[in-house]
1. PRE reach from ASP39 (point 7 Å along Cα→Cβ): which of the range 61-102 fall under 13 Å by backbone N?
2. At q = 0.19, 0.26, 0.29, 0.31 Å⁻¹, what is the base-10 log of I(q)/I(0) for the range 48-93 according to the Debye formula with one equal point scatterer per Cα and no solvent? Please give it to two decimals.
3. Tell me, what is the FRET efficiency for ARG313 and ALA254 to the nearest 0.05, using R0 = 22 angstrom and their Cβ-Cβ distance as r?
4. Mind pulling the per residue volume of the convex hull built on the Cα atoms of the range 114-192? Å³ is fine.
5. Which GluC sites (Glu not before Pro) does the range 1-87 hold that lie in a coil by DSSP with at most 12 other beta carbons within 10 Å?
6. Under 20 Å from a label point 7 Å along Cα→Cβ of TRP25: give me every residue in the range 209-224 with its amide N that close.
7. Sketch the reach of a paramagnetic label on GLN293 as a point 7 Å from Cα along Cα-to-Cβ, and name the residues of the range 203-229 whose backbone nitrogen lies under 18 Å away.
8. Residue farthest toward the positive end of the dipole of the range 252-320, with Cβ of Lys/Arg at +1 and Asp/Glu at -1: which of ALA254, SER265, LEU296?
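Values in this text are rule-based calculations from the coordinates and carry no lab data. As the structure is a computational prediction, the values presented were derived from the model and not from experiment. Positions of Cβ are backbone-derived with ideal geometry, glycine not excepted, and every protein chain shown enters the neighbour counts.
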Amino acid sequence: MSEPTPALLTQVAEGAWRIRLPLPWALASVNAFLFRRSDGWLLLDCGLHTPASLAALEEALAQLHLDWRSLRRIVVSHLHPDHAGAAAHIRRLSGAPIAMQPREAALIAPREPGEAFFARAEAYLRRHGVPEETIHEIEGEARKMASGSDRFVADDPIDEGDVLEYAGGRLETFQAPGHSPALLCFYDRDRKILYSTDAMLERISPNIGVHAFYEGNPLGEYFDSLAKLEALDIRTVVPSHGEPFSGHHEWIAATRAHHRRRCDSIEESVRVRALDAWTVAALIWGDRRPIGQRRLAMAEAIAHLEFLARSGRVRRDEVDGALLWQAI
């Protein structure tokens, strides 16, 4: 027997509702959130800019006897299309300003031609060993995904330490990078609820990857984020994908262990000879998955390799413009 489909609209706490919005991917839905305020409603995350997602959001508003103009503020947790994609369109419908963390907002703002972004992405893929014909396949998928996300300039900044007031209480803003450069989570201290966005997901580990727009040490940043969230007194985690869950200490311990095992496996894969990240990802995750999943696997492989390099366990060398990794 299949599991029942979660309701479109469910109340999370006094003054707080979760909205399940459809995605045209293997991950079938994303959660947005509505918070009642004295002057109207706050919308946290927006889903994709697709007819199906907008229709679901409009239906959820109608179930609460609301319309687009009931929205007074839009907060976007991070730049990924399933969270930010419809923000600009909803701003046009509602008149509500968009608040976003400044680093994330700068990455989504339309300050350069789209072709410049794709040219950088191609160079990044080539540098990490992706074959030329596969680069064009990945770019095609990326362009298709980008069609569900409007670029925009945010109206207001929001960052760690800011507080969002709503009728049911207060949401404290925490920055938790790793899945994206400056992802935001929101903590209701009185109710011990963490709206974890994509930092913590019940049944899967969030993708922690290096991308053309997010280099550096995402896995190291993610470990730091988990330590920050571990220190909070949390009864319920309400994520952006899937259902609410409890036991955040156990979840964090298991997730740390997962990434440490992954580091061990990746280190072993480059012990005999130096390899590029595309090859490492194929060895660890397999090479028969859909192209989008293979791209994310490579991004995650790079994040683990970068963490291992900074830990002194592997070295990176550039050979003819390609980046190769080998265990020390």
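1. Residues passing the 13 Å test: 71-74, 96-98.
2. Calculated log10 I(q)/I(0) at the listed q: -0.59, -1.06, -1.21, -1.26.
3. So the FRET efficiency works out to roughly 0.50.
4. Roughly 152 Å³ of hull volume per residue.
5. GLU14
6. 209-215, 218-219, 222
7. Under cut-off, by backbone N: 203-209.
8. After comparing all options, I get ALA254.
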